Structures are given as structure tokens and as C-alpha cells.
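Have a look at the structure below before the remarks.
The values are calculated or read from the model by the stated rules, or taken from the named source; none is laboratory data. Remember, it's a predicted structure, so these values are computed and weren't measured experimentally. Here Cβ is always computed from backbone atoms with ideal geometry, including for glycine, and neighbour counts include all displayed protein chains. Surface areas here come from the heavy atoms of the whole protein model, side chains and all, with no ligands, DNA or RNA. Shrake-Rupley method; radii C 1.70, N 1.55, O 1.52, S 1.80 Å.
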Amino acid sequence: MHCKYICPVKKIAIFASGTGSNAAKIIDHLKNHKSISVSLIVSNKVDAGVLNIATQSSIPTLILEKEKFFRGNAFTDELKEAGIDFIILAGFLWKIPTALIKKFPDRIINIHPALLPKYGGKGMYGQHVHQAVIDNKETESGITIHFVDEHYDHGDIIFQAKCSVQENDTASSLAAKVLQLEHKYYPKVIEEVVLQT
Ligand code: GAR
């Protein structure tokens, strides 16, 4: 819903475990946005590249501790205290616990580097996905942006985009094509969903 006068700013937290190239694109796309702010970068790894990106952009960070995430409050209190409205997963490799899903119903979005429902599920991340696509001689792959539910790579699909897989493609060359699609579409789709909610 668009409001006519002063809209409250929606705060998003980006969860990432690795390099954070998607996080960087999202931060860049939303900087100076009137009604959305990337307010927190969350990681399960103290040495994740995404933390440098957060520092460069002066965005606060939060490191998740495994026991508390899976058996404690899933950091829901910390996220609510920070005023977070949306959680964006960008290469985040831990499963999202039910406690967190319940506190953020339809407010957690993930990107998966394949055309779900194919090539999703436990263990299907990064190069594993692309290698499986190549091994099965698929002629196309792509990206899926979806809401997160209790199952891996399973919630309602918001958006998909495709790319071709050529005979000479390797897992690495396919990964590069798919990442380009992610960078092109993920920031815009996030903006649209957050503004509509
Ligand atoms: C992205 O390709 C993302 O789709 C994938 O991890 C990569 C993170 O790259 N996520 C998964 O495989 C989740 N199942 P980045 O750190 O450069 O944004």
C-alpha cells in the first residue's frame, strides 16, 4: 500500500553467510530510498565477506550464535528491538527456525539459484545446484525468489527468471550467468514486495 503523506520507513535485515554480492546490490539499490532502509546485516559467520560490505556502508551487524538461533529465541527479540519489518536471505545457508517464521509471517524472502521446485532442498546451495543442473543436461536454469516457510526452498514463489544452459557450460560459468540475473532482479523485487506489504 502506498501512503499519501508521511510513510513509516520499512526496515529490512539482510541475512548472508558468504561473499554478499547480492547484499551489496540490494544496499546500493535501496540507498537513499524514501521508505525502505537496510538497517541490519546478519551472518552466521564471523569472517563472511558480507560483514565488510556492512562496515563500508555503515550498517550495523549481528552475528548469530548457533545454539540461540536453533534452540533459543532465534534472535527474534533482537530483530524486533531493532524494528526489523522484513528479512531478506541472500546466500544464507542455515535453515530458518519456526520461531522466526512465526514472528515474520510472509516477511522472509529468499533467493535460490535455480528454477524451483527443481534443484531445491537440503544441500542444494551454490555450486552443488549448478553442478546438478549441468549433470542432468538441463537446457535452462535461472533464479527463484520466494517466501520462506518451514521447508527448504519451498514457500510461495514471487518471481522467476531464466537463462539458457549451453553444452559447454560448467558449474562455474552457469553460476556466473545466474548471479547476473540475481543482481538484476533481486533488489527490484524486494523493493516491490516491501512497498506492497
Ligand atoms: C547466491 O547465488 C544465492 O542464490 C545462493 O548463494 C549465492 C550467494 O551469493 N543461495 C543459495 O544457494 C541458497 N540455497 P552472494 O553471497 O555473492 O550474494
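Checking each residue in the stretch 53-74 for being farther than 22 Å from Ile27 by Cα and open to solvent by less than 50 Å² (accessible area, probe 1.4 Å) picks out Phe69, Gly72, Asn73, Ala74.
For the stretch 125-140, indicate whether the set of residues that are assigned to a strand (DSSP E or B) and modelled with pLDDT of 95 or more is non-empty. Yes; the residues of the stretch 125-140 include at least one that is assigned to a strand (DSSP E or B) and modelled with pLDDT of 95 or more.
Taking the residues in the stretch 150-197 that are assigned to a helix (DSSP H, G or I) and open to solvent by 90 Å² or more (accessible area, probe 1.4 Å) as candidates, determine which candidate is farthest from the ligand (Cβ to nearest atom). The qualifying residue farthest from the ligand (Cβ to nearest atom) is Gln196. Among residues that are within 27 Å of Gln196 (Cα to Cα) and open to solvent by 80 Å² or more (accessible area, probe 1.4 Å), Lys102 is included. Looking at Ser17, is it within 16 Å of the ligand (Cβ to nearest atom), of a type outside the set (D, E, K, R) and modelled with pLDDT of 95 or more? Yes; evaluated as a whole, the condition is true for this residue. Just wondering, is there one or more residues in the stretch 29-41 that are near the ligand (Cβ under 10 Å from one of its atoms) and over 13 Å from the mean Cα position of the chain (by Cα)? No, there is no match, as no residue in the stretch 29-41 is near the ligand (Cβ under 10 Å from one of its atoms) and over 13 Å from the mean Cα position of the chain (by Cα).
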